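Q: One structure, pasted below without further comment.
The values are calculated or read from the model by the stated rules, or taken from the named source; none is laboratory data. Computed from a prediction, not measured in an experiment: that's the story for all the values here. A quick note on method: Cβ atoms are made from the backbone with ideal geometry, for glycine too, and the neighbour counts reach across all protein chains shown.
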Amino acid sequence: MTSTRVGFFGLVAALLLAQAPVATKGKMTVAGKTAELSHAYAFTQKAYGREEIVLVLSDIEIPADARRDLKAMDELAKAGKIHFVRLMWTGGQTDVFEYKLGHNAAKDMPNSTTNMHSFEGKLGPDVVAGKASSDGPQESMAGVKYEYSCQFSTKLLH
């Protein structure tokens, strides 16, 4: 009986480990200052009659009440408490149509619609996984140089 119980728990542990998400790993550099990206969050929101997917990559765990609140995240970034990349695209597609970078290395951080950012990977009903990146080094209209690239896997919250 004991060996059966140990075998069963070993099987459960193996299944859980096999389903563990890929670690979030990447970096963003803004105005010459680099932050390691180690957390990913994805959620849907309704806007203009369509479903949008929002992906947030950050260097620290974002408090649950701030993950969907861009103003709160901006305040944390201005205070140097967080560095983040926020990307948006329409559900069912992978073309990024809006982005926002949060970093205290520069006053005027990019926030724009653009096609200079990419998402490559899996977009499922409950998961977003893959690689998000700027298309090489970029420069904002205010002259802020930035670049980011990050591998991630996270649940898609609705």
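Q: Could you list all residues from region 72-89 that are under 14 Å from residue 61 (Cβ atoms) and among the basic types (Lys, Arg)?
A: 81 - this is the single residue of region 72-89 that is under 14 Å from residue 61 (Cβ atoms) and among the basic types (Lys, Arg).
Q: Does at least one position in region 135-150 carry a residue that is hydrophobic (A, V, I, L, M, F, W, C), over 15 Å from the mean Cα position of the chain (by Cα) and closer than 18 Å to residue 61 by Cα? Quick ask: steps written out before the conclusion?
A: Here is the first cut: in region 135-150, the ones hydrophobic (A, V, I, L, M, F, W, C) are 141-142, 144, 150.
Then drop every residue that is not over 15 Å from the mean Cα position of the chain (by Cα), which leaves 141-142, 144.
Checking which are closer than 18 Å to residue 61 by Cα leaves us with none.
No; the residues of region 135-150 include none that is hydrophobic (A, V, I, L, M, F, W, C), over 15 Å from the mean Cα position of the chain (by Cα) and closer than 18 Å to residue 61 by Cα.
Q: Continuing with this model, one more query. Only one of 79, 66 is under 27 Å from residue 146 (Cβ atoms), modelled with pLDDT of 85 or more, small (Gly, Ala, Ser) and exposed (fewer than 12 other Cβ atoms within 10 Å of the Cβ); which?
A: Numbers: 66 fails: exposed (fewer than 12 other Cβ atoms within 10 Å of the Cβ).
Result: 79 is the single residue among 79, 66 that is under 27 Å from residue 146 (Cβ atoms), modelled with pLDDT of 85 or more, small (Gly, Ala, Ser) and exposed (fewer than 12 other Cβ atoms within 10 Å of the Cβ).
Q: Looking only at region 41-82, which residues are among the hydrophobic types (A, V, I, L, M, F, W, C) and free of Cβ contacts under 8 Å to residues at least 12 places away in the same chain?
A: The answer is 47, 64, 66, 72.
Q: Here is a list: 85, 96. Which entry is part of a loop (DSSP other than H, G, I, E, B) and among the aliphatic types (A, V, I, L, M)?
A: On the way: 85 fails: part of a loop (DSSP other than H, G, I, E, B).
It is 96.
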